[in-house]
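K.L.:
The structure under discussion is supplied below as C-alpha cells; questions concerning it will follow.
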Amino acid sequence: MNSSNPELVILNGTIVTANETFKGDVAVKDGRISMIAESLQDLADSLSNVEGVDIIDAQGKYVLPAAIDCHTHLEMEFGGTVSSDDYTSGSRAAICGGVASYIDFVIQRKGESLKDALQRRQVLASAKSCCDYGFHIAITDLNESILEEMEEVVKLGVNSFKVFMVYSFAIDDEIFAKILNRAKAIGARVSVHAENLGLLNMLTEKYIAEGHGNDPYYHYLSRPEFCESEAVARAVHFAKSFDAPLYIVHLACKDGVEEIIKAHEQGFTQIVAETCPQYLAFTSDVYKRPDARNFVCSPPMKGQESQDALWAAINSGQISTVATDHCPFLSTEKDWGKDDFRKIPNGMMGIENMYPFMLSSALQGRITLNKAVAVCSTNVARLFGCSTKGSISVGKDADIVIYNPDTKFTITHDKMHDCCDHSIWEGMELQGYPEMTFVRGKLCFENGKFKGEAGYGKYLVREPLQSVAFQP
Ligand code: URP
Ligand code: ZN
Ligand code: ZN
C-alpha cells in the first residue's frame, strides 16, 4: 500500500457533530481523521482494489464521534468484592456500545502515593484494555505530600481528582477545601460524589431499626432528594467561594440541578455537572421490583420530577455530560443484602447502553442528535482535556461510530458484552443502533460482533485545564 493512502474511507454518511449535521465523506490515515469532504468518491474509486484500504458505504447512516465514558469503575474493589467487569470485558462492552475511550477511577489506598496508585491501575489497564483509557484519581488519604504530588500526576496526564462525601473513604470539609484549592492552582478539576453522609446514616439506621432491611426501596428512602441536594449545594458553595472548577458526578435530583443553574446564572461557569443514563431512563419505582437489589446504586434513582429536571437541563446545556458510572456486581453479590440493604454492593452496569439510549432518545425527539453527541463525547473531551477525541474533524482520532437510525433494537443482556449477569436495560426498545465502532481507525465492532483486542487501548494523557468554561 502507498504510504500516502488513507486506510479507511467512509462514503455517503451524514456526519453529526455537537454543532452541525451534514452529508460528507471521511478519510482516515494513521488512525486519525485526515480528510472530510462533500465527496471522496473519486479517491475511493482510485483505491477500490488497493490492499489495506477499507471503503465503507454509510448511505442512510449517521457518522458520529464515538462516546467517551468519563465515569467507570472497572475491576474496582468495592462493597466487599470487585466490580465484575475488568479492563478487558468493560472496554469490550464499551466498544460494542459505541464508546471508544473511557476515564476510570483510581482509588488511592490508605498511605499510598498518587503516583503509585496511578501506576497500579495503569499496569492492569495497559495489558487489558481494548480501547483508550484515562484516569481520575480519587484522593482518600490527604496529607501535605499528597497535596504536593497532585501537580506531578497532572503532568502525567491526570487533570481531574475525585472526592467522595460518602462511603468509608468520605472526606471532610477541610480536606475538600484543600483539594479544591490545590486543584485550581495546578490546572485540574475536582469531581465530587455529593450525598450527605450524616443524613443518610441517620435515615438508614432508622429504617433498619423499623425492620425495613429486606426492602431495597428503603435504600432510596434513606438517600432521598434532599440528602443529595444538600450535598450538591454545599459542594457548589465551596467551589463558588474559592472560584474553583468543580464537577458534580452522577447528578440525580431536581434541587441539585437548580444549584447548578443558579451557579451558571451567577457566572460560575467552571462548575459543571454530569448525569447518568439510569437517572434519565428510570425512577425510584425500580426499587419496587422483585429484582430491585440489582439496581441499588448511590445516589439512587429519584422521582419523576427529578428525571424531568435532568432532561430539561441537558436540553438547556446546564448539564454538560452524560456518563455511565459503570460499576456492575453479580446478582449473587447483590444477594448479600437480601435481609439488609446496607450489604448490597452499590453500583450498576450500563457502559454498552449509554450511547444507544441517548441516540435513540434523540431520534424520538427528547434531545437533538447534536446534543447527544455533545454530552456523550464532545463536552467530555473538552472538560477533561482529551484533545484528540470528541469530534468528527480533521486531526482528531478516528474514534467513529456508524449508527443506523432505522434499526429497531431490544436490549437483552444475552446480546451484551460485559461480565455481569443482569441488566436494568433488559427489554428496553431502542430506535437505531450502532453498526460499527472504530477505535483510532481500527474496526472493533461490527453488526453485533466484537472485533477488538485486549491491549490495543492506549493511555490518554489528558491536558491540564486551560479554558473549560461552561457554554450552553
Ligand atoms: O453506586 C455507585 N454509584 N457505585 C459506584 C461508586 C460511586 O459512587 O460512584
Ligand atoms: Zn459516586
Ligand atoms: Zn461512580
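The values are calculated or read from the model by the stated rules, or taken from the named source; none is laboratory data. Keep in mind that what you see is a predicted model, and the values were worked out from it rather than measured. Glycine gets a Cβ as well: all are built from the backbone with ideal geometry, and neighbour counts include every protein chain shown.
K.L.:
Considering only region 317-324, I want to know if a residue exists there that is over 18 Å from H71 (Cβ atoms) and among the aliphatic types (A, V, I, L, M).
P.N.:
Within region 317-324, none of the residues are over 18 Å from H71 (Cβ atoms) and among the aliphatic types (A, V, I, L, M).
K.L.:
Please verify whether region 226-249 includes one or more residues that are more than 15 Å from ligand 2 (Cβ to nearest atom), more than 23 Å from A183 (Cβ to Cβ) and free of Cβ contacts under 8 Å to residues at least 24 places away in the same chain.
P.N.:
Within region 226-249 (the criterion being more than 15 Å from ligand 2 (Cβ to nearest atom), more than 23 Å from A183 (Cβ to Cβ) and free of Cβ contacts under 8 Å to residues at least 24 places away in the same chain), the answer is no, since none of the residues qualifies.
K.L.:
Kindly indicate which of A252, A239, A233, A244 is more than 14 Å from ligand 1 (Cβ to nearest atom), outside any helix (DSSP H, G or I) and not polar (S, T, N, Q).
P.N.:
Testing whether each residue is more than 14 Å from ligand 1 (Cβ to nearest atom), outside any helix (DSSP H, G or I) and not polar (S, T, N, Q) leaves just A244.
K.L.:
Out of D335, D285, report the one residue that is without any contact (Cβ under 8 Å) to a residue 60 or more places away in the chain, more than 16 Å from ligand 3 (Cβ to nearest atom) and within 20 Å of M76 (Cβ to Cβ).
P.N.:
Exactly one of D335, D285 is without any contact (Cβ under 8 Å) to a residue 60 or more places away in the chain, more than 16 Å from ligand 3 (Cβ to nearest atom) and within 20 Å of M76 (Cβ to Cβ), namely D335.
K.L.:
Moving to a separate point now. For the condition modelled with pLDDT of 95 or more, in contact with a Cys (Cβ under 6 Å, 6 or more places away or on another chain) and either aliphatic (A, V, I, L, M) or more than 16 Å from ligand 2 (Cβ to nearest atom) (or both), what is the one hit in L200, L142?
P.N.:
Just one listed residue meets the conditions, L200.
K.L.:
Also, I was wondering about something else. Could you say whether any residue in region 72-86 is surrounded by 22 or more Cβ atoms within 10 Å (Cβ to Cβ), within 12 Å of ligand 3 (Cβ to nearest atom), modelled with pLDDT of 95 or more and not in a loop (DSSP other than H, G, I, E, B)?
P.N.:
The answer is yes; a qualifying residue exists.
K.L.:
Go through region 141-167 residue by residue and tally those that are in contact with a helix residue (DSSP H, G or I) (Cβ under 7 Å, 6 or more places away or on another chain) and either part of a loop (DSSP other than H, G, I, E, B) or touching a residue at least 60 places away in the same chain (Cβ under 8 Å) (or both).
P.N.:
Final tally of qualifying residues: 5.
K.L.:
Here's another thing I want to ask about it. When you scan region 171-203, how many residues do you find that are outside any helix (DSSP H, G or I), among the small types (G, A, S) and away from ligand 1 (no atom under 11 Å from the Cβ)?
P.N.:
2
K.L.:
Let me ask something else. Restricting attention to region 1-42, which residues are under 30 Å from N315 (Cβ atoms) and assigned to a loop (DSSP other than H, G, I, E, B)?
P.N.:
T17, A18, N19, E20
K.L.:
Given the criteria in a loop (DSSP other than H, G, I, E, B), within 30 Å of the chain's Cα centre (by Cα) and buried (at least 21 other Cβ atoms within 10 Å of the Cβ), does L64 qualify?
P.N.:
no
K.L.:
On to the next question. Within region 430-472, take every residue that is among the hydrophobic types (A, V, I, L, M, F, W, C), assigned to a loop (DSSP other than H, G, I, E, B) and at pLDDT 95 or above and give me the one that is surrounded by the most Cβ atoms within 10 Å (Cβ to Cβ).
P.N.:
Among those residues, the one meeting the criterion is L460.
K.L.:
Looking at (1) of a type in the set (D, E, K, R); (2) within 16 Å of ligand 2 (Cβ to nearest atom); (3) touching a strand residue (DSSP E or B) at 6+ places or on another chain (Cβ under 8 Å); (4) farther than 27 Å from I351 by Cα, which is the only condition E274 fails?
P.N.:
Tallying (1) of a type in the set (D, E, K, R); (2) within 16 Å of ligand 2 (Cβ to nearest atom); (3) touching a strand residue (DSSP E or B) at 6+ places or on another chain (Cβ under 8 Å); (4) farther than 27 Å from I351 by Cα, E274 fails exactly one: (4).
K.L.:
Examine region 399-407 for a residue that is touching a Pro at 6+ places or on another chain (Cβ under 6 Å) and buried (at least 23 other Cβ atoms within 10 Å of the Cβ), and state whether such a residue exists.
P.N.:
yes
K.L.:
So G90 passes all but one of these: (1) assigned to a helix (DSSP H, G or I); (2) surrounded by fewer than 23 Cβ atoms within 10 Å (Cβ to Cβ); (3) within 16 Å of ligand 1 (Cβ to nearest atom). Which condition number does it fail?
P.N.:
(2)
K.L.:
Would you confirm whether any residue within region 316-332 is within 16 Å of ligand 2 (Cβ to nearest atom), of a type in the set (S, T, N, Q), in contact (Cβ under 8 Å) with a residue 40 or more places away in the chain and within 30 Å of E210 (Cβ to Cβ)?
P.N.:
no
K.L.:
Checking the condition in contact with a Pro (Cβ under 8 Å, 6 or more places away or on another chain), away from ligand 1 (no atom under 16 Å from the Cβ) and polar (S, T, N, Q), which residue from S320, S316, S284 passes?
P.N.:
Among S320, S316, S284, only S316 is in contact with a Pro (Cβ under 8 Å, 6 or more places away or on another chain), away from ligand 1 (no atom under 16 Å from the Cβ) and polar (S, T, N, Q).
K.L.:
What residue, of I344, I351, is touching a Pro at 6+ places or on another chain (Cβ under 9 Å), of a type in the set (V, I, T) and farther than 27 Å from L64 by Cβ?
P.N.:
I344
K.L.:
While we're here: Of all residues in region 288-313, how many are more than 16 Å from ligand 3 (Cβ to nearest atom) and touching a Pro at 6+ places or on another chain (Cβ under 7 Å)?
P.N.:
2
K.L.:
While we're here: Return the pair list, or none, for Cβ contacts closer than 8 Å from residues in region 51-71 that are over 30 Å from I103 (Cα atoms) to residues that are away from ligand 3 (no atom under 16 Å from the Cβ) and of a type in the set (D, E), at least 6 apart or on different chains.
P.N.:
If the second residue must be away from ligand 3 (no atom under 16 Å from the Cβ) and of a type in the set (D, E), the pairs left are G52/E7; V53/E7; G60/D406.
K.L.:
Out of curiosity, is I261 under 26 Å from the mean Cα position of the chain (by Cα), over 15 Å from P300 (Cα atoms) and surrounded by fewer than 19 Cβ atoms within 10 Å (Cβ to Cβ)?
P.N.:
Answer is yes for this residue.
K.L.:
Still on this model: How many of the residues making up region 308-334 are under 19 Å from the mean Cα position of the chain (by Cα) and more than 18 Å from V272 (Cα to Cα)?
P.N.:
4
K.L.:
Given the conditions (1) in contact with a strand residue (DSSP E or B) (Cβ under 8 Å, 6 or more places away or on another chain); (2) surrounded by 19 or more Cβ atoms within 10 Å (Cβ to Cβ), and given that G157 satisfies all but one, which numbered condition is not satisfied?
P.N.:
(2)
K.L.:
Evaluate the following for S320: is it away from ligand 3 (no atom under 16 Å from the Cβ), buried (at least 24 other Cβ atoms within 10 Å of the Cβ) and of a type in the set (G, A, S)?
P.N.:
The answer is yes for S320.
K.L.:
A follow-up question, please. Can you name every one of the helices (runs of 4 or more DSSP H) wholly within region 298-400 that holds 2 or more residues which are over 21 Å from G24 (Cβ atoms) and modelled with pLDDT of 95 or more?
P.N.:
Those helices (runs of 4 or more DSSP H) span 304-316, 331-334, 354-363, 379-383.
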